[in-house]
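Here the structure is laid out as structure tokens; the discussion comes afterwards.
Since every read-out is calculated from the coordinates, none of them should be taken as a lab result. Note that the structure is a prediction, hence the values are computed from the model and not measured. All Cβ positions, even for glycine, are placed from backbone atoms using ideal geometry, and neighbour counts span all protein chains on display.
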Amino acid sequence: MTPTVSPISEEPQQQPLAEEAQHQTTSEEPPQRQTLLDLPVPRLMNTISNGKIVPLLVLAFPFTREEQFRCAEVNNINPELGRPRRETIAFSRARFLLPRHCCLEAIRSKESGVGFIMAVVVASNATPGSLARMHDIAMLQKVQRVLGTTANPRWAVLAPDY
């Protein structure tokens, strides 16, 4: 018997339009929102060239200035200060609020103008133990609560060190 796991975050279901309802009954199911269980599980990192090289990947929640401010709001971090100062303080305090194995790292991102964003890393494909953390629903939900988000993490590549 396999345990059932609900998605990390739930979104209210919208009523389909009449055309969509008819289309749904005659064809395949519409795509559903991606849950943690839908995330692809990468192979373990492999830097030895005796086969296909698998790069180091990290499972991370974006932690941009907007997310930092949301974190400050959710965790009531210095509400008397202005937004820029609260973002900075939230960034420095986040590591104390997050679960033990989480860390803040820069990841590559096409969405940002500079090519990378800060992120809260929750798992990686470096070791079997680190890869297994992607299935720790309680830990992922705690990270979501600290960050004040319902978004799921995504696989990314670390930004290069200069």
Arg154 to Lys110: extension gain in nm, 0.36 nm per residue of separation minus the Cα-Cα distance?
-> 14.5 nm
Between Lys142 and Ile53, the FRET efficiency computed from the C-beta separation at R0 = 25 Å comes out, to the nearest 0.05, as 0.15
Per residue of region 96-110, in order, report the coupling 6.51 cos²θ - 1.76 cosθ + 1.60 (Karplus, θ = phi - 60°) as ³J(HN,Hα) in whole Hz, putting x for Gly and Pro.
-> 7, 8, 7, x, 3, 8, 7, 8, 9, 9, 8, 10, 5, 8, 7
Stokes-Einstein translational diffusion, region 90-132 - Kirkwood Rh over all Cα pairs, 0.692 mPa s, 37 °C, in µm²/s = 280
Can you give me the P(r) profile for region 57-162? Cα pairs, bins 10 angstrom wide beginning at 0, each as a whole percent.
-> 16, 47, 31, 6, 0
Which shape class applies to region 104-160: rounded if a/c is under 1.5, otherwise prolate when a/b exceeds b/c and oblate if not, where a ≥ b ≥ c are the square roots of the Cα gyration tensor eigenvalues?
-> oblate
Separation of region 60-92 and region 105-138 by C-alpha centroid, Å?
-> 19
Looking at region 51-117, which trypsin sites (Lys or Arg not before Pro) are in a loop (DSSP not H, G, I, E or B) and have at most 13 other Cβ atoms within 10 Å?
-> Lys52, Arg100, Lys110
For Phe116, enumerate residues with amide H under 5 Å from its amide H, sequence gap 5+ or separate chain, H modeled in the peptide plane.
-> Ser109
